[in-house]
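A short worksheet on the structure shown next.
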Amino acid sequence: MNRKRTFLFGLLASLSVFTSGCWSERQLNEIAMVAAIGIDRTEAGQYEASYQFFNPANIAGGLQGGGGGQSPPVSVYTATGDTIMEVHGNMSRKISREPYYSHTNLVVVSEELAQKDGIGPVLEAFDRGSQFRVTTAVVIAREVKAKDLITTLTALDKVPSQKIMQTLESTEKAMGENINIDLEEIITALVSPGREPMISGFTVKGDPKEGAKQESLQATDLPMTVEANGNAIFKNGKLAGWIDGADARAVLWILDRIQSTTVTTEWEGRKDGISYRLARQKTNVSAEMKNGKPHISVHVHMEGDIGEVIVPVNLKDPKTLEKIERDVGEEVKRNIESSLHYTQKIKADIFGFGEVFHRDEPAEWKKIEKKWEDEIFPNLDVDVTVESYIRRTGLRNNSYLSEMKNK
Amino acid sequence: MENAKISPRQLFVLIILFQLGSSLLIPVGLTAKQDAWLAVLGGMVGGLLLFLLYYKVGSYYPGLVPTEYMAKIWGPFFGKIFAFLYVLYLFYLAARVLRDYGEMLVIFAYPETPLFIVNLLWMVLVVYTVRKGIETLARTGEILFVVVSILALTSLLLLVLNGSIDTKNLQPVLEEGPVTLIKAIGESVFFPFGEIVVFTMIYPYLNQLKKAKRVGLYALLFSGFVLSVTMAVNLSVLGFSLLSRSNFPLLSTIQTINVAEFLERLDVFFMIGVVIGGFFKITIFFYVAVMGATSLFKVKESSHLVFPLGFITLFLSVGIASNFSEHIQEGLDIVPLYLHLPFQVIFPLLLLVSVVLKNRKKQKKQLAMK
Amino acid sequence: MSPFFKGKKNADQNKPVDPMPGAITSSLQDNLAWVKQKFGNSPDIIIRELKIGSSKVKAAVIYVQGLVDNQLLNDFLIESLMQYDSSSQDETRTQMLDNLSDLVIPMGGVKEETEWSKLFESLLVGATLIIIDGTDKALTVASTQGGESRSISEPTTQNVIRGSRESFTENLSTNISMVRRIIRTPDLWVESMKIGTQTNTNVSIMYLNNVVDHDVVKEVKKRLKRIKIDSILESGYIEQLIEDQPASPFPQIYHTERPDVIAGNLLEGRVAIFVNGTPFVLLVPVVFIQFFQTPDDYYFRFDIASATRLLRIFIFFISLIGPAAYIAATTYHQEMIPTHLLLIIAAQRESVPFPAVIEALIMELAFEVLREAGLRLPKAIGSTVSIVGGLVIGQAAVQAGIVSPPMVIVVAITAIASFATPSFAVAISVRLLRFAFMGLAAAFGFFGIIVGLIMLTVHLCGLRSFGVPYMAPLGPYRPVESGDTVIRAPWWAAKKRPGLFSPNNVKREAGSQMPAPPQPRTIKSESTEKGNQNES
């Protein structure tokens, strides 16, 4: 009896293994790994999605004799459809393998699509599918088609999508003028009543047609380059405007995302006379009710070094340093106020002030939640204070320039 | 009842693994929004009270399982009927949890595989374990508890290193007011804490019966604390809106880990932890159900029942709902009110009342005799 | 003599082919004829007929050629018999026998016997029989045992970097004496019995009487006595006949050829089973973690020993699920592999005509074949096999595009890992289970592997070895005073024996013995003496 049972059990166990028939199995040579997806809008209002597929043999090189050189590291296929799933279906007519999205780390949405249809509907399928990672980055193709960004080959990084990813990361770190935001953060901002998303823009300088050819990589100075270019501001899920340069940096400042950047300030009439290299900063945003009106205070605390001086200045004098500190603080404050002014004009709360208010004054928030975006935020009183410190002046104290001038 | 003994430590570990099982998978107390972690703590207090209730009833009949003492309290006929209902309840829960875990795997990793096949593999594992008996299960628990702890601590450490924990997401506290919080607490009392009712079938195996109360209380406190921390971590990483949209928040939380561009894509951590948790949850439900059936129908060897009942549970798990949303919705709307409430609260209360009355009568009689 | 042996003797007597009575008769001729008949005139049974000294009484010396030490036999036994000068002519033959035993034979182990079965038994282990005409008794001289046997050499299966270089031999008494030389206490008890109706193999159990759990001794004896088999050729027979759960790939009895390992384990309260004819001695009860320990763990410093032990557990998992994890990751969970690594693997797999699982099976099988071939071949050819195998698998198969290089790496790492497992018995069961895991991985990916691992844990937790849970002291958790589990505590901290095997006598060493520098820490000159006192 017992033996029969054991046998039965073993039979069942092996059945469950062998009959499973490997339903969900995907052999590596049956899938096409998608590196990036670019989504454009056709005339008819359909999605036109360009998939950038990895070409493993040309990236990995290795045993097969360091292939790489001959054919491009990625291939791009384009398909259209009313929904992303339909695009996915149509794509299967063009490629022999099943698109596989787990290693997709970039989604490019064209400016036109973001303006006309909004970004919300595009991202739903990516959020739902189990293959897609929530950490996938999203950028907006500015002034060019999303497809152009997807097809342009790049030099140092073999895979164009990786180049965009890494550019985004390094520029946010070094300059703080572009935001590296992923799918999950965008969706959270889209659904939150007290915040709107801001997404980095990328553009292609030069002729995109040239850039899609492998030969273009033969030159040392590439005929076209992919560059970060400003940030798109959204309102109600639709692109409402662009914010660039120092203004964009100010947004990141309020979001407390600045890691390092350079602030230049005027000195004795000379524009950009002194460059201040930020080492660390901490920004606190708090909200309260003042005189029955919502009030936001932004407090920036920053520390840094002198990075460059192009005017003679006595850096040994603490009084001078104090003045530079003050000037730098003023500069940052001006930046922040300018970007505030701009966003209040387009009524897009990309700073998440609404969320701060929600946290700090939950009872009041309930009352004003509905009219925050359109009535409260544009007329919000924001109090900016900047506290800046110069800790060191680099390897030198006074610049050699001051000695040259003295002669 | 099989002839086996487990130590207080083993019981402690089993209760914790059982409690954490599906509650790590399925978020608890979301009615309270960002205060879900508070709701869990509140639910734990409720769970402690329920536990004391079960303990009190059980203490009148040490060494007997509920299906046995029900017959003693309410007479063979009514007692048997209630015991039968109780066993059905246990089977239903076993099937429910099996469904939860099968669905999790299908959604998360095996979209093309039929649910039945995934559940079949689960059931093979569970049947094998139940045939080995409670002692083996308890020992396995001791070993896998260490594995789960290591996983949990590593994940927590990585999340902290990663900087994904943002406590701002937990504010504002008590936004929705105390009423909502109490409602959320009410939900989390039944699931997961009230499910400790199944352990009334396991206490008799304890080799130091005196310690049952202390072990149960400590285990509930500990698991409540861990669950609350997990909820707080999930909330602070994901924020309420994303969490409430996620079918499996813990998975989303773990997916955010990316330390040094190297320690990323740790989905397998989630998988190991959840499969271990699911294993204990399903196995304990199923084991208890089988033991209940064994004692109810006076079957000599429980192992005779394991196979057929395993098949029934397997088919039940596939058949109880036509899709995942229906399954979850049943779990939120129907099960607490129509199943958990009677079996976790009302019946035990009735049992307690009857048994107290009975004892008083007996005492009176004894007094009268004297 | 054990009751078990008595039982066996009765069985012999019942055989109908024996026309002769079981006891010796007083006629020398009859006796010798009986011996010849019983052994079928085998030429290695030497019957030396002689007359005892001056009395001219006819006698015979019987021994088995090769089992006795010829020098001893000639110089001491035969010579003294021949030179025996009977003091009185009228002594009876029985008295003569006594005198021979008491006065003449200058050797130990002389015994009077009457029953044939016992006589034959001692004859066959190398004793010499002396039969004198006219008595119905005979003498056995056990100490003529000798002949050729392998000398003590270095162990071949359990090499250590530090520690004794002795290993057991095929000779039971040598083996027992080797342990006696290490543990010199009268509490080291040995009990003997014979198993095998044809081979009459000597089997001895050994334990420390004041440490061992006597229930385990009783159980061991009970199980040994239950064995009814014609032959025991190696301790493996016994192992398979007395283990708790035959339907398990895992060894539930430890075997070793090192006396120091036996000594160490006896001191922890285990029971050793020695079997004549094999250098492998069995140890019961065991726990799973024991198969990850090596003798030098205890000889090296504890921190290094603990680290290597953790490494071995890691190795165990690699050799168990290495290829399975590769299959699962590349066919189900590509999202878990970092992008660039996945691209490399994908590029290599591009031209491979098989699914990953088939590829893995081919490689694993090829490897198993190579290993088996290398094991059985003479050493000289063995290296040729490994060269050919290495070329075929490593080079040609990859270049031909039949397998991908990452798979070769995985299989090679797994193979090395399985060689690094200290216990061959565990390594070989892991080899078997690896294929099961590959199947699970091919069908269910990581879910299959995890389910397999849980099932394995359940299986291991369900095992017992002579009443001791196999996964103890981890599951059930027992506080381990000896500190000897996945790590090894330093000796000065291991104050007690593991209570699992010796519940009665757990104290192992005196109080605090943690070495410490002398206080106060001053320079050598004045403090050396104080320092020495502190350490005592």
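The values are calculated or read from the model by the stated rules, or taken from the named source; none is laboratory data. Small disclaimer: the values here were computed from a predicted structure and weren't measured. Neighbour counts are summed over all protein chains in view; Cβ atoms, including those assigned to glycine, are modelled from backbone coordinates with ideal geometry.
Things to note:
- Residues of the stretch C:414-428 that are of a type in the set (A, V, I, L, M) and touching a Ser or Thr at 6+ places or on another chain (Cβ under 9 Å): C:415, C:416, C:417, C:420, C:427, C:428.
- So residue A:225, is it closer than 30 Å to residue A:71 by Cβ, touching a Gly at 6+ places or on another chain (Cβ under 9 Å) and surrounded by fewer than 18 Cβ atoms within 10 Å (Cβ to Cβ): yes
- Residues located in the stretch A:275-301, provided they are among the hydrophobic types (A, V, I, L, M, F, W, C) and more than 17 Å from residue B:172 (Cα to Cα): A:278, A:279, A:298, A:300
- Residue check for residue A:358: part of a helix (DSSP H, G or I), closer than 21 Å to residue A:193 by Cβ and modelled with pLDDT of 85 or more: yes
- Residue in the stretch A:328-361 that is farthest from the other protein chains (Cβ to nearest Cβ), counting only those that are touching a strand residue (DSSP E or B) at 6+ places or on another chain (Cβ under 8 Å) and among the basic types (Lys, Arg): A:333
- Subset of the stretch B:312-329 [touching a residue at least 40 places away in the same chain (Cβ under 8 Å) and of a type outside the set (A, V, I, L, M, F, W, C)]: B:313, B:317, B:327
Conditions tested, residue by residue: (1) over 21 Å from residue A:238 (Cα atoms); (2) touching a Cys at 6+ places or on another chain (Cβ under 7 Å); (3) not aliphatic (A, V, I, L, M).
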{"position": "A:131", "(1), (2), (3)": "yes, no, yes"}
{"position": "A:139", "(1), (2), (3)": "no, no, no"}
{"position": "A:152", "(1), (2), (3)": "yes, no, yes"}
{"position": "A:162", "(1), (2), (3)": "yes, no, yes"}
{"position": "A:174", "(1), (2), (3)": "yes, no, no"}
{"position": "A:178", "(1), (2), (3)": "no, no, yes"}
{"position": "A:182", "(1), (2), (3)": "no, no, yes"}
{"position": "A:185", "(1), (2), (3)": "no, no, yes"}
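- Test set (1) outside the structural domain of residue C:451 (by TED's automatic domain parsing); (2) surrounded by fewer than 22 Cβ atoms within 10 Å (Cβ to Cβ) - residue C:232 fails condition number: (2)
- Of the set (1) within 17 Å of the chain's Cα centre (by Cα); (2) within 12 Å of chain C (Cβ to nearest Cβ), all apply to residue B:128 but (1).
- Every test in (1) surrounded by fewer than 19 Cβ atoms within 10 Å (Cβ to Cβ); (2) closer than 30 Å to residue C:325 by Cα is passed by residue B:298 save one, and that test is (2).
- Helices (runs of 4 or more DSSP H) (entirely within the stretch A:77-172) containing at least 1 residues that are surrounded by fewer than 16 Cβ atoms within 10 Å (Cβ to Cβ): A:84-91, A:111-116, A:120-128
- For the stretch C:463-483, a tally of residues being in contact (Cβ under 8 Å) with a residue 12 or more places away in the chain and either facing chain B (nearest Cβ under 8 Å) or of a type in the set (A, V, I, L, M) (or both) returns 8.
- Exclusive hit being of a type in the set (A, V, I, L, M), under 28 Å from residue A:192 (Cα atoms) and not assigned by TED's automatic domain parsing to the domain that holds residue A:196, set A:298, A:313, A:328, A:309: A:298
- Any chance residue A:268 is charged (D, E, K, R) and in contact (Cβ under 8 Å) with a residue 60 or more places away in the chain: no
- Residues satisfying the stated conditions in the stretch B:213-232, i.e. crowded, with 21+ Cβ neighbours inside 10 Å, closer than 20 Å to residue B:145 by Cβ and among the aliphatic types (A, V, I, L, M): B:215, B:219, B:220, B:227
- Spans of helices (runs of 4 or more DSSP H) in the stretch C:253-341 with at least 1 residues within 14 Å of chain A (Cβ to nearest Cβ): C:302-331
- Where helices (runs of 4 or more DSSP H) fall entirely within the stretch B:194-300, those with at least 2 residues that are closer than 22 Å to residue B:42 by Cα and within 14 Å of another protein chain (Cβ to nearest Cβ) are at B:212-238, B:240-245, B:249-255.
- Among the residues of the stretch C:342-360, those identified as part of a helix (DSSP H, G or I) and more than 9 Å from every other protein chain (Cβ to nearest Cβ) are C:358, C:359, C:360.
- Selection of the stretch C:143-152 for residues being surrounded by 13 or more Cβ atoms within 10 Å (Cβ to Cβ) and either out of contact with any helix residue (DSSP H, G or I) (no Cβ under 9 Å at 6 or more places or on another chain) or part of a helix (DSSP H, G or I) (or both) yields C:143, C:144.
- Residue check, residue A:44 at pLDDT 85 or above and over 27 Å from the mean Cα position of the chain (by Cα): yes
- Residue A:221 satisfies every condition listed in (1) in contact with a helix residue (DSSP H, G or I) (Cβ under 8 Å, 6 or more places away or on another chain); (2) in a loop (DSSP other than H, G, I, E, B); (3) more than 11 Å from every other protein chain (Cβ to nearest Cβ) except (1).
- Among the residues of the stretch C:449-462, those identified as within 7 Å of another protein chain (Cβ to nearest Cβ) and within 30 Å of residue B:111 (Cα to Cα) are C:450, C:451, C:454, C:455, C:457, C:458.
- Test for residue A:59: is it crowded, with 20+ Cβ neighbours inside 10 Å, more than 30 Å from residue C:436 (Cβ to Cβ) and at pLDDT 90 or above: no
- Residue in the stretch B:102-122 that is within 14 Å of chain C (Cβ to nearest Cβ), in contact (Cβ under 8 Å) with a residue 40 or more places away in the chain and of a type in the set (D, E, K, R) present: yes
- Restricting C:135, C:140 to residues that are in a strand (DSSP E or B), at pLDDT below 90 and within 27 Å of residue C:65 (Cβ to Cβ) narrows the list to C:140.
- Looking only at residues in the stretch A:362-403 that are assigned to a loop (DSSP other than H, G, I, E, B) and surrounded by fewer than 19 Cβ atoms within 10 Å (Cβ to Cβ), the one that is nearest to the other protein chains (Cβ to nearest Cβ) is A:369.
- Hits in the stretch C:52-68 - residues which are crowded, with 17+ Cβ neighbours inside 10 Å and more than 23 Å from residue C:134 (Cβ to Cβ): C:64, C:67, C:68
- Filtered residue count, the stretch C:413-438, keeping only those that are without any contact (Cβ under 8 Å) to a residue 24 or more places away in the chain and either more than 14 Å from chain A (Cβ to nearest Cβ) or not hydrophobic (A, V, I, L, M, F, W, C) (or both): 3
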